[in-house]
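These notes concern the structure reproduced below.
The values are calculated or read from the model by the stated rules, or taken from the named source; none is laboratory data. From a predicted model like this one, the values you see are computed outputs, not experimental measurements. As a convention, Cβ positions derive from the backbone with ideal geometry for all residues, glycine included, and neighbour counts pool all protein chains shown.
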Amino acid sequence: MTKVKDLLLPAMGLLPLTAGAQTQAADNNGERHAERPNIIFILCDDMGYGDLGCYGQQRIETPNLDRMAAEGMRFTQAYAGSPVSAPSRASFMTGQHTGHTHVRGNREYWQSAFRGNVFGSNGDYMIIGQEPYLMTHKIIPEVMKEAGYTTGMFGKWAAGYYNMEHPNTYAVDAEGNTDTSKSAQSSSASLPHKRGIDCYYGYICQFQAHTYYPNFLNRYDPEKYGDEYVVVDTLKQNIQHKDVKSGDKDYENREQYTSDLIHQYALDWIDRQDGEQPFFGIFTYTLPHAELWQPQDSLVEKYTKRFEGQDASYGGDFGSWYYRNYGKHAQFAAMVNRLDIQVGEIFAKLEEKGLADNTLVIFTSDNGPHTEGGADPAWFNIADLLRGTKRSTHEGGIRIPFIAKGPGVPAGTVNDHQLAFYDVMPTLLDYAGLDGSQYSLEASTPERCYDGISFKETLTGNDAEQEKHEFLYWEFHETNMMAVRMGDWKLVVQGGTPRLYDLSKDLHENNDVAAQHPDVVKEMVEIIHREHTESSMFRITLPEVPEYDGSTVVTSVSEDKTYTLECQPNDGHSARFIADNDGAINGQTSKGSKFCFNPAAEGSYYIQSLVSGKYINANDAQTDISFDATPKTAWTLGKLNAGDSYVYFTIGNTKKYLNNHQGGADNLRVASHNPIGANNKCSLWTLHEYDEDPAGVRRVECGAEEDGVFLSGSQIVIRHQGVEYNTGGQRLE
C-alpha cells in the first residue's frame, strides 16, 4: 500500500473536460446501465470555505482542486446541511433539512462501553457510533442502488452504531426503526450493509475518527472478503503500540494511517469497476479534521519550514483522541495538501480505467473549519471573509467549498446558485437521467418529507431554467442556533433572539438590521415556525413571532409623521416601548403609544403623546423624567454611525440622555452615560414611523377656531368638531 511519504508535489494529472453532454439511460428497469454517468461524491471533514486556493487560500497548496475548479464548476453559495458533522451528513443522505431530519446532532452511543485489553494491551469501545437514521426514510445510497447503481462508501458512516459484541444482531421497534434502548444487546439496523451500500470501509463511529491511528476500522466487502455484515478490521501493526488515549509517546510508532488506508480502499474499489454497471461512490474522507497528526513526511517538513517562526505546538487532548503536535499550522496545511493529492489520484485512477469521460465528481466539506485539536482557522483565514466556524450557523460554519467536474458541466464556471446538502439527492437522480422529483420538495408530504430542489439545470449550464429555493434552513441544538437564508437576507437566531443581516452588503454578518426591517424578520421567523418539527433529542429555542404593525424604522423625524419609540436591550435592560396610559408615562414590552415631534430651536424637538397630548420632559434638575402639558425639554436626536438604525436622545446639546431603566411603572430616567463609551450604557432607540397623518395633534394658538389640541392656561383642551373636551373625555362648558 503506497503512502504519500516523500512524495514530490507537482500538480497531479487531471483529466480534460469532455465536450459531450451526459448520456442517459433508455429506461429505469436496469437496462443499458453503462450509459448512465458514474458519480463520486467526495465529502471531506471540517474544511472551511477559504481553505482552498481557488477560494482564496494563500498559505496552502491545493493544485488538484484548483484545477478541478478551473475545469469544472465552482459554487460560491453552497451550504452544508448543518454546522457539525453527523446532522450535516444526515441532511445529505436523507434529503432533509435539520428542521425535519431525525438526526440533528452528534448523539453518541460509546460513552459507557469502554473495555480494557480488547486489542492486545489496548482498550476500546464495544459500542461505537451515533444516532441511527430512520429505516422508514430512504437515504441516497438506497435510492441509487434501486436505480441500478453499484454503491461504495469509504470513510465516516456516522449514521448508526455498531456493537462489537453483537455485530449481526439488530433490534427494531414496531415501525421498523432501530430500537436504541437495546444498544447494549444489538447493533443498529442502520448500518452500511442494510442501507444500500455494496462495499464499505472506514469508521462506523465519527468519534473514533478523531484519531488517524486507531486500533481498527470497519469493513463490509462481500465481493472481496465474503462479508455478510459489517466486521472489524484490526490494524495489526497499530495495536503493537500504545493507543492515543494513553497519551504515551509510543503512539507515534503506529504506522497504519487511516487516511491512506481508506483512500487506497476507495481507489481499489474504482479499479474493480468495469464500466458495465454505473457506480456511485461516497468518499467521506476524514481529512482535515483533528487530530492534527499524520505521517511526518515531506509534506509536513515543507510546511514546517514555510511557517518557521509563525507556528506553535499543541499539547494534546487525549480524552478527545487529539494527539499532541509540534506545529499545528504545519500539520493542518499538510493535511489539506494531502487531501488535494488524494483527489488528484482519484482523477488519475478514473483516467487509467477509461472512466473519466462518464464520471461526475463532486468535492465538498461537511461544515466550516474546526478549532479542535489545536487547529487555528483564523490564522489561515487571512481575508477574514466569513464569520463563525464549526457549530455556528453564521456563514463561516455552514458555507462550504463545492466543486463539480464531469460530463455536461461547463468548464471554468463560477456559479452563485444557492444550494444546500438536501438538494443533492434529487440533483444526482436528475443528472443520471432518472426522476429526482419524487425525492424533492416538489413531492414532499409530512409523511414523506424531502426538502431538496434539483440544481441539475445549473450544474449543466442552464441557469435560466433553474428553480430556486424560497429559503434555506438550519438549526443546531448544541449552540442553540438557527438560521434562515432568504435571497440576500440571512436570519441568525441564538437562544431565541433573531438577528438579521443583508449578505449583499454585509457578508461577514457584522451589522444586525433587524430593527430596520421588522417585516422581513417576521416573515423569516414565521418560516422557522412552519419548518421546525419537534425533536425530543435535539431541543432548540424558537424565536417568538414578532409583532409587526406596518411601521418603518427610520433615523430622522419630520413634523407630519407619527412614531413609536422602542428602546433596544442594553446594559441588562429589556426592550421596551414608551407608553402613555391616561397621562402616566412608562415603559412596556408591548407596542407603545404614538408620538409626534414638534420642532424646537436649533434642530431639536418636543416629543408629544398622541394619547394625552402631554410632552416628555426632563425635570428642572435634569435627573428624572416628567410628563407635562407644557413642552419644556427640547430633545436632540443623535445616531452612532451613518445609516445606523439606532438613535439616542440628548437634552439639547448637553450629554444628558433619555434612558430606559427596567422595573417599575415609571422606568424612564435621565442619565449621563456616553453612548460611544466602552460600556455603552446609554439607551439606544429605534423610531418606528407610520404613514398616517398624526391625527391633528399639533401646537395651536389658544382660542383658535380649528380643531386640535391646545393649552388653555395649564389645562390641555381637545377640540373636535367645534366641541371642547378635557383629556378624560368630559365635555367642557
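Numbers below:
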item	result
Given (1) touching a His at 6+ places or on another chain (Cβ under 7 Å); (2) at pLDDT below 95; (3) charged (D, E, K, R), index of the condition ARG254 fails	(2)
Wholly enclosed strands (runs of 3 or more DSSP E) of the range 197-285 bearing at least 1 residues more than 22 Å from LEU355 (Cα to Cα) and of a type in the set (Ser, Thr, Tyr)	199-203, 216-220, 231-234
Inter-residue pairs, beta-carbon under 6 Å, first in the same structural domain as ARG107 (by TED's automatic domain parsing) and in the range 172-184, second aliphatic (A, V, I, L, M) and in a loop (DSSP other than H, G, I, E, B), 6+ apart	VAL172/ALA189; GLY176/MET135; ASN177/LEU134; ASN177/MET135; THR178/ALA189; ASP179/ALA171; LYS182/ALA171
Some residue of the range 144-162 being within 16 Å of ALA90 (Cβ to Cβ) and among the aromatic types (Phe, Trp, Tyr)	yes
Failed criterion for GLY354 (all others in (1) surrounded by fewer than 21 Cβ atoms within 10 Å (Cβ to Cβ); (2) at negative phi; (3) not aromatic (Phe, Trp, Tyr) hold)	(2)
Residue list for the range 424-446, filter: in a helix (DSSP H, G or I), touching a residue at least 60 places away in the same chain (Cβ under 8 Å) and in contact with a Ser or Thr (Cβ under 8 Å, 6 or more places away or on another chain)	MET425, PRO426, LEU429, TYR431
Segments classed as helices (runs of 4 or more DSSP H), wholly inside the range 59-168, with at least 3 members that are surrounded by fewer than 22 Cβ atoms within 10 Å (Cβ to Cβ) and either at pLDDT below 95 or not β-branched (Val, Ile, Thr) (or both)	63-70, 140-146
Selection count, the range 387-422, where residues are under 24 Å from THR101 (Cβ atoms) and either out of contact with any Cys (no Cβ under 9 Å at 6 or more places or on another chain) or aliphatic (A, V, I, L, M) (or both)	21
Number of positions in the range 516-526 that are under 19 Å from the mean Cα position of the chain (by Cα) and either part of a loop (DSSP other than H, G, I, E, B) or surrounded by 17 or more Cβ atoms within 10 Å (Cβ to Cβ) (or both)	3
Criterion (surrounded by fewer than 19 Cβ atoms within 10 Å (Cβ to Cβ) and aliphatic (A, V, I, L, M)) met by exactly one of ALA348, ALA330	ALA348
Inter-residue pairs, beta-carbon under 6 Å, first at positive phi and in the range 380-402, second assigned to a loop (DSSP other than H, G, I, E, B), 6+ apart	GLY388/HIS394; ARG391/PRO83; ARG391/VAL84; ARG391/THR479
Any hit, the range 454-476, residues being among the hydroxyl-bearing types (Ser, Thr, Tyr), under 23 Å from HIS100 (Cα atoms) and in a strand (DSSP E or B)	yes
Checking VAL700 against (1) modelled with pLDDT under 55; (2) among the β-branched types (Val, Ile, Thr); (3) crowded, with 18+ Cβ neighbours inside 10 Å, the condition it does not meet	(3)
Some residue of the range 630-651 being under 17 Å from GLU566 (Cα atoms), outside the structural domain of HIS517 (by TED's automatic domain parsing) and without any contact (Cβ under 8 Å) to a residue 24 or more places away in the chain	yes
Candidates GLU228, GLU252, GLU276, filtered to the one that is among the acidic types (Asp, Glu), surrounded by fewer than 17 Cβ atoms within 10 Å (Cβ to Cβ), in contact with a helix residue (DSSP H, G or I) (Cβ under 8 Å, 6 or more places away or on another chain) and more than 16 Å from PRO192 (Cβ to Cβ)	GLU276
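To keep it simple, each residue is scored yes or no on (1) among the β-branched types (Val, Ile, Thr); (2) touching a strand residue (DSSP E or B) at 6+ places or on another chain (Cβ under 9 Å).
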site: PHE41; (1), (2): no, yes
site: GLY99; (1), (2): no, yes
site: PHE119; (1), (2): no, yes
site: ILE127; (1), (2): yes, yes
site: HIS137; (1), (2): no, no
